[in-house]
Amino acid sequence: RFRQNASSKNLPPMVPYSVPFVGSAVQFGLNPIEFLENAYEKYGPVFSMKMMGSVFTYVVGSDASALFFNSKNEDLNAEEIYGKLVTPVFGKGVAYDVPNSIFLEQKKMFKTGLNVSDFKRHVPLLIAETVKYFERWGDEGERNLFEAMAELIVLTASRCLQGEEIREVLNEEVAQLYSDLDGGFSHEAWLLPAWLPLPSFRRRDAAQKRIKEIFFNAIQKRRTSGRHAEDILQTLIEATYKDGRHLTDDEISGMLIGLLMAGQHTSSTTGSWLGFFLAKDQALQAALVDEQKHICGEPYREVTFEAIRDMSLLDRCVKETLRLRPPIMTMMRMVKTEQEVKGYVIPPGHQICVSPPVNQRVKDTWESPNTFDPDRYLNPDTTSDTKFSYVPFGAGRHRCIGEQFAYVQIKTIWAVLLQKYEFDLVDGYFPETNFATMIHTPKNPIIRYKLRQN
Ligand code: HEM
Ligand code: LAN
């Protein structure tokens, strides 16, 4: 007779599953984007799924996603979910190991070290590293583009974001340490208990210890040299929290690891996918070469920050790559207080998620969503209905601070490459997506290239 209060509060529809505990994990793992798109078709913009004992509730499309991006960290909490994965990689005292108000101060410190005058300094460094790296490719051939981007971007990100002292000691040992460290961003680390003695966990922990020693030395070197460089290392050494406290060497080292990890996977996958989109479309490649000639002259003058900024077609190609292949396929928060969206209630304990690749292909917002079309941004839709339809860098209080650096880095590398080589797919093969890694990488990413003749 008496209606329970709960009956007026509907939980989101649950995607059915047959294996208890595991839930939809296997199906999701095979192709998460397709899985989410199908669920969206079937259940609409809010739905839940079960995986490994947890409930994940996705909010899809700009309207429903607004709940996620406008939320306070006390209501939808990031560190509770990301901390387990990220803190063993960066170490304590930074990012998701500290209260969000402190992390916000740390983000602000980075921001002061990443402005236009820094980018002007970065461009020649990026060019030098890129030119040098690709000497080994010779005049023509077929090579693994993703491997090259990953190796190059460790060097460029280190040089630009970590400073000279650290770039100088970046030898094979350190590259191996980075690789062990980022082996920490894995599905095992995500899903399994942290105390398990897995080899990848041990390698990660050992690498963190050793890297920090190397960074302590570099920081010490900078402190005692009296050298006053204008770079992020200097910014971090001089920075203070609101209460006047300086960062400890341990915090600086953790942030330097964080900067590298942030710039590494995201930019190397984006740079590689961009290469394949260009290799696939010769007309687009030709238009990009025209843009290079138009901006840099014939023969090419040295590429400056201003020139990079003016390469608007290249800019839109990066933007379109980030729409179709955003490196971060899911952002997550732990629901701490009951939330309401689109008539549903999301209770505490659910993990609420937004998926950039899904929002960025929603049919009612995006025309021909699966076509790579950089010109779609020429007449931008500026209505608030689509505010969260394009979110490769997130939005709100957790938004990325590295967007501009990432654009400068990827555009500079590709300006150099477009000036040097002509690219083609190998026998028409456009890489499939490897969904097994947390940041989706291209499968068998071999590209064909030869010196550009004109
Ligand atoms: C946050 C993407 C490059 C530093 C984020 C988030 C996304 C993202 C989606 C939001 C995560 C969330 O809300 O859960 C990307 C992409 C990049 C990129 C696609 C390149 C193509 C960088 C670079 C840096 C950086 C180069 C540093 C120089 C950060 C930081 C945050 C962040 C500090 C804040 C996390 C938080 O507040 O919780 N990034 N990122 N990112 N990113 Fe990036
Ligand atoms: C990452 C890398 C992993 C990534 C996935 C798990 C793939 C994603 O599904 C959720 C978001 C997450 C955890 C993510 C969030 C932001 C991170 C941690 C990063 C992009 C790597 C580096 C970045 C971090 C905030 C950079 C700043 C570091 C400091 C120490 C201040």
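The values are calculated or read from the model by the stated rules, or taken from the named source; none is laboratory data. Computed from a prediction, not measured in an experiment: that's the story for all the values here. Glycine also receives a Cβ, built like all others from the backbone with ideal geometry; neighbour counts cover every protein chain displayed. Accessible surface is based on the protein model in full, side chains and every heavy atom, while ligands, DNA and RNA are left aside. Shrake-Rupley method; radii C 1.70, N 1.55, O 1.52, S 1.80 Å.
Any residue in the stretch 432-452 that is touching a residue at least 24 places away in the same chain (Cβ under 8 Å) and in a helix (DSSP H, G or I)? Steps first, please.
Here is the first cut: in the stretch 432-452, the ones touching a residue at least 24 places away in the same chain (Cβ under 8 Å) are 433, 435-436, 438-442, 445-452.
Remaining after also requiring in a helix (DSSP H, G or I): none.
So far as the stretch 432-452 goes, no, none of its residues is touching a residue at least 24 places away in the same chain (Cβ under 8 Å) and in a helix (DSSP H, G or I).
Of the residues E230, E188, E213, which single one is open to solvent by 50 Å² or more (accessible area, probe 1.4 Å), over 23 Å from the mean Cα position of the chain (by Cα), of a type in the set (D, E) and at pLDDT below 90? Spell out the reasoning first.
Numbers: E188 fails: over 23 Å from the mean Cα position of the chain (by Cα); E213 fails: at pLDDT below 90.
Criteria check complete, one pass: E230.
Do we have any residue at all in the stretch 320-332 that's hydrophobic (A, V, I, L, M, F, W, C), within 16 Å of ligand 2 (Cβ to nearest atom), in contact with a Phe, Trp or Tyr (Cβ under 9 Å, 6 or more places away or on another chain) and farther than 18 Å from G396 by Cα?
Residues of the stretch 320-332 that are hydrophobic (A, V, I, L, M, F, W, C), as a first pass: 322, 324, 328-329, 331-332.
Applying the additional criterion that residues be within 16 Å of ligand 2 (Cβ to nearest atom) yields 322, 328-329, 331-332.
Now narrow it down to the ones that are in contact with a Phe, Trp or Tyr (Cβ under 9 Å, 6 or more places away or on another chain): 322, 328-329, 331-332.
Imposing the further condition that a residue be farther than 18 Å from G396 by Cα reduces the set to 322.
Yes: one or more hits.
Which one of A436, A406 is among the small types (G, A, S) and within 16 Å of ligand 1 (Cβ to nearest atom)? Before the answer, list the steps.
On the way: A436 fails: within 16 Å of ligand 1 (Cβ to nearest atom).
Matching residue, one of A436, A406: A406.
How do the pairs read when you match residues in the stretch 389-402 that are on the phi > 0 side of the Ramachandran plot with residues anywhere that are part of a loop (DSSP other than H, G, I, E, B) and within 10 Å of ligand 2 (Cβ to nearest atom), using Cβ under 7 Å and keeping only pairs 6 or more apart or on different chains?
Qualifying pairs under 7 Å: G394/C400.
Looking at the stretch 192-203, is at least one residue closer than 20 Å to L260 by Cα, among the small types (G, A, S) and open to solvent by 30 Å² or more (accessible area, probe 1.4 Å)? Walk me through it before giving the result.
Taking the stretch 192-203 as the starting set, the residues that turn out to be closer than 20 Å to L260 by Cα are 200-201, 203.
Keeping just the survivors that are among the small types (G, A, S) gives 200.
Now drop any that are not open to solvent by 30 Å² or more (accessible area, probe 1.4 Å), which leaves none.
No; the residues of the stretch 192-203 include none that is closer than 20 Å to L260 by Cα, among the small types (G, A, S) and open to solvent by 30 Å² or more (accessible area, probe 1.4 Å).
For the stretch 66-89, what are the residues that are among the aliphatic types (A, V, I, L, M) and either within 11 Å of ligand 1 (Cβ to nearest atom) or open to solvent by 40 Å² or more (accessible area, probe 1.4 Å) (or both)? Steps first, please.
Here is the first cut: in the stretch 66-89, the ones among the aliphatic types (A, V, I, L, M) are 66-67, 76, 78, 81, 85-86, 89.
Hits for the stretch 66-89 are L76, A78, I81, V86.
Considering (1) out of contact with any strand residue (DSSP E or B) (no Cβ under 7 Å at 6 or more places or on another chain); (2) part of a loop (DSSP other than H, G, I, E, B); (3) at pLDDT 95 or above, say which one E34 fails and leave the rest.
Among (1) out of contact with any strand residue (DSSP E or B) (no Cβ under 7 Å at 6 or more places or on another chain); (2) part of a loop (DSSP other than H, G, I, E, B); (3) at pLDDT 95 or above, E34 violates only (2).
For the condition among the charged types (D, E, K, R), farther than 30 Å from G83 by Cα and either touching a strand residue (DSSP E or B) at 6+ places or on another chain (Cβ under 8 Å) or within 11 Å of ligand 1 (Cβ to nearest atom) (or both), what is the one hit in E135, E142, E129?
Values: E135 fails: either touching a strand residue (DSSP E or B) at 6+ places or on another chain (Cβ under 8 Å) or within 11 Å of ligand 1 (Cβ to nearest atom) (or both); E129 fails: either touching a strand residue (DSSP E or B) at 6+ places or on another chain (Cβ under 8 Å) or within 11 Å of ligand 1 (Cβ to nearest atom) (or both).
Result: E142 is the single residue among E135, E142, E129 that is among the charged types (D, E, K, R), farther than 30 Å from G83 by Cα and either touching a strand residue (DSSP E or B) at 6+ places or on another chain (Cβ under 8 Å) or within 11 Å of ligand 1 (Cβ to nearest atom) (or both).
Looking only at the stretch 143-166, decide whether some residue is among the charged types (D, E, K, R), within 30 Å of L418 (Cβ to Cβ), modelled with pLDDT under 90 and touching a Leu at 6+ places or on another chain (Cβ under 7 Å). Step through it out loud before you land on a result.
Step one: filter the stretch 143-166 for residues among the charged types (D, E, K, R), giving 143, 147, 151, 159, 164-165.
Restricting the remaining residues to those that are within 30 Å of L418 (Cβ to Cβ) gives 143, 147, 151, 159, 164.
Checking which are modelled with pLDDT under 90 leaves us with 159, 164.
Subset that is touching a Leu at 6+ places or on another chain (Cβ under 7 Å): 159.
Yes, the stretch 143-166 contains at least one residue that is among the charged types (D, E, K, R), within 30 Å of L418 (Cβ to Cβ), modelled with pLDDT under 90 and touching a Leu at 6+ places or on another chain (Cβ under 7 Å).
Which residues, taken from the stretch 242-274, are open to solvent by 10 Å² or more (accessible area, probe 1.4 Å), hydroxyl-bearing (S, T, Y) and more than 9 Å from ligand 1 (Cβ to nearest atom)?
T248, the sole residue that qualifies.
Within the stretch 13-53, track down each residue that is open to solvent by 90 Å² or more (accessible area, probe 1.4 Å), more than 24 Å from the chain's Cα centre (by Cα) and charged (D, E, K, R).
Selection gives E41, K42.
Give me the pairs: first residue in the stretch 112-135 and within 19 Å of R301 (Cα to Cα), second residue open to solvent by 70 Å² or more (accessible area, probe 1.4 Å), beta-carbon distance under 6 Å, and six or more apart or on different chains, which are they?
Between residues of the stretch 112-135 that are within 19 Å of R301 (Cα to Cα) and residues that are open to solvent by 70 Å² or more (accessible area, probe 1.4 Å), the close pairs are L125/R159.
Which condition from (1) within 25 Å of the chain's Cα centre (by Cα); (2) more than 16 Å from ligand 2 (Cβ to nearest atom); (3) under 30 Å from L170 (Cα atoms) is the one that V303 breaks?
Among (1) within 25 Å of the chain's Cα centre (by Cα); (2) more than 16 Å from ligand 2 (Cβ to nearest atom); (3) under 30 Å from L170 (Cα atoms), the lone unmet condition for V303 is (1).
Quick check on R136: is it within 22 Å of the chain's Cα centre (by Cα), among the basic types (K, R) and within 26 Å of T412 (Cβ to Cβ)?
Details: within 22 Å of the chain's Cα centre (by Cα): no; among the basic types (K, R): yes; within 26 Å of T412 (Cβ to Cβ): yes.
The answer is no for R136.
Could you list, in sequence order, the residues of the stretch 376-396 that are in contact with a helix residue (DSSP H, G or I) (Cβ under 7 Å, 6 or more places away or on another chain) and either within 16 Å of ligand 2 (Cβ to nearest atom) or acidic (D, E) (or both)?
Matches in the stretch 376-396: D385, V391, P392, F393, A395, G396.
Quick one: would you say A206 is open to solvent by less than 70 Å² (accessible area, probe 1.4 Å) and either within 27 Å of the chain's Cα centre (by Cα) or without any contact (Cβ under 8 Å) to a residue 12 or more places away in the chain (or both)? Walk me through it before giving the result.
Values: open to solvent by less than 70 Å² (accessible area, probe 1.4 Å): yes; either within 27 Å of the chain's Cα centre (by Cα) or without any contact (Cβ under 8 Å) to a residue 12 or more places away in the chain (or both): yes.
So A206 fits the description; yes.
Within the stretch 424-454, which residues are within 23 Å of Q264 (Cα to Cα) and among the aromatic types (F, W, Y)?
If we filter the stretch 424-454 for residues that are within 23 Å of Q264 (Cα to Cα), which is where we start, we get 430-447.
F430, F435 - these are the residues of the stretch 424-454 that are within 23 Å of Q264 (Cα to Cα) and among the aromatic types (F, W, Y).
Check off (1) among the β-branched types (V, I, T); (2) open to solvent by 10 Å² or more (accessible area, probe 1.4 Å); (3) within 11 Å of ligand 1 (Cβ to nearest atom); (4) within 15 Å of L259 (Cα to Cα) for V154 and give me the number that stays unchecked.
Checking V154 against (1) among the β-branched types (V, I, T); (2) open to solvent by 10 Å² or more (accessible area, probe 1.4 Å); (3) within 11 Å of ligand 1 (Cβ to nearest atom); (4) within 15 Å of L259 (Cα to Cα), the one that fails is (3).
Given (1) touching a Lys or Arg at 6+ places or on another chain (Cβ under 7 Å); (2) open to solvent by 70 Å² or more (accessible area, probe 1.4 Å), identify the lone condition not met by K92.
Evaluating K92 over (1) touching a Lys or Arg at 6+ places or on another chain (Cβ under 7 Å); (2) open to solvent by 70 Å² or more (accessible area, probe 1.4 Å) leaves (1) as the failure.
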